[in-house]
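Before any comments, here is the structure.
The values are calculated or read from the model by the stated rules, or taken from the named source; none is laboratory data. Not measured: the values here are computed from a predicted model. Cβ placement follows ideal geometry from the backbone for every residue including glycine, while neighbour counts extend to all protein chains displayed. Accessible surface is based on the protein model in full, side chains and every heavy atom, while ligands, DNA and RNA are left aside. Shrake-Rupley method; radii C 1.70, N 1.55, O 1.52, S 1.80 Å.
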Amino acid sequence: MATSGTYTFSRNRDQLLTRALRLSGAIGSGDTPDSQTITDAAEALNGMVKHWQATGIHIWRTTEATIFLQANQVRYTLSSTSTDHATESFTETTLSAAAADGASTISVTSATGIATTYNIGVQVDDGTIHWTTVNGAPSGTTVTLTAALDDSAASGSRVYVYQTKLVRPLKIISGRRYNFASAIDTPVNEFDRIEYQELPNKTSTGVVNGFYYDRRGGANSSGYLYIWQPSTAIEDALKVTVARPIQDFSAAGDDADLPQECTEAIVWNLAANLAIEYDAPDAKLARLQDKATQYLGEIDWAERELMSIEFVPDIR
């Protein structure tokens, strides 16, 4: 018996909507929903998936990110428009020659991974990272900066380049202090709001030992990360494991930002929501809700990380 040999089954936004509308009774088999029905159903789909974020469905959207620290800075804003710098992926290189204060071009050891408009940070001699963007494609290993250096930088100074800023995390699951020179990760503590507020001196600088993350800090469009102690060394960064938001369904052909395993949970839960909107009979609604609960429960169970639980007494 021959099998397909493929593992790529997926359904895009309008395919999910059409099946959910069919299950809810809003359309018949073979019918094509009109544009207003698609608009209404897409609104319901996005609202439902965003609500799922609050229920703890995070494992499929868990990722690693790096937050670049500046000396003495206490709070970092995490969002796609922040002036602070955090990303899921970056390129690291070094200066191949010293650069003067006010220089608008730098020479790097390697230009691989550097492209126009990318964010670029250069360690400068005053102990900070000068952040700007790449202005045009590199010429060999010469990179043009949008904003000139605000201090001199020695040969061998580190240069960090990345394209996309980290979106506001739903949750920071863990954090590690990372030293670029040694490439060593050191776990740090996670504080809750009260624990952080009770710290006696939040601006005393030193080595980062912990963090507190307020995901609602920036009017729900950005999160605020507070570190303790504020770092004195730009050789350190904070690496974090984060749960990022689920991407929107914006267009007809958008695939779900969720794995194949979630297809039935999406379709049946959306069908149950739409059935209420389209006044489906109570018996039909009850059947839809039963299946929706079953599929979402199974996905929720599969999403749980298998790990031990440790109870530690509060000895403060």
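Take the Cβ-Cβ distance between Arg287 and Arg216 as r, set R0 to 45 Å, and report the resulting FRET efficiency rounded to the nearest 0.05. That pair, Arg287 with Arg216, gives E of 0.75.
With all protein chains kept in place, the per residue accessible area of segment 187-273 amounts to 44 square angstrom at a probe of 1.4 angstrom. Along segment 279-287 the Karplus relation, 6.51 cos²θ - 1.76 cosθ + 1.60 evaluated at θ = phi - 60°, assigns HN-Hα couplings of 6, 5, x, 4, 5, 5, 4, 4, 5 Hz to successive residues, with x for each Gly and Pro.
Amide H to amide H, with H built 1.01 Å from N, Ser174 comes under 5 Å of Thr241, counting only residues 5 or more places away or on other chains. Summarising the label geometry, the points placed 7 Å from Cα in the beta-carbon direction at Ala2 and Ala100 lie 7.1 nm from one another.
In terms of Cα atoms, the Rg and Dmax of segment 35-157 work out to 19.9, 61 Å. Rounded to the nearest 500, the 222 nm mean residue ellipticity of the chain from helices alone is -7500 deg cm²/dmol, with -39,500 (n - 2.57) taken per DSSP H run of at least 4 residues. From the Kirkwood radius over Cα pairs of segment 102-146, Stokes-Einstein at 20 °C and 1.002 mPa s returns a whole-number translational diffusion coefficient of 201 µm²/s. Computed as a quarter of the hull surface, the mean projected area of the alpha carbon convex hull for segment 1-103 stands at 15.4 nm². Taking the Cα atoms of the chain, the ratio Rg/Rh between the radius of gyration and the Kirkwood radius comes to 1.07.
The local environment of Glu64, defined by Cβ-Cβ distances under 9 Å, has a net charge of 0 under the rule Lys, Arg +1 and Asp, Glu -1. The string of couplings for segment 2-14 from the Karplus curve (6.51, -1.76, 1.60, θ = phi - 60°) is 7, 10, 6, x, 10, 9, 10, 3, 7, 10, 7, 4, 6 Hz, one whole number per residue in order, with x for Gly and Pro.
Extent along the principal axes, Cα only, for segment 198-308: 64, 35, 32 Å, with the longest axis given first.
Of all the options Pro169, Pro230, Pro281, the one that moves most in a Gaussian network model of the chain with Cα springs shorter than 10 angstrom is Pro281. Near Tyr226, once Lys and Arg are set to +1 and Asp and Glu to -1 for all other residues with Cβ below 10 Å from its Cβ, the sum equals +2.
Given contacts defined as C-alpha pairs under 8 Å and at least six residues apart, what's the relative contact order of the chain, whole-number percent? The value is 25 percent.
Taking max minus min of the alpha-carbon positions on each principal axis, segment 151-197 gives extents of 44, 25, 21 Å, largest first. Across segment 194-258, counting alpha-carbon atoms alone, Rg and Dmax equal 16.9, 53 Å.
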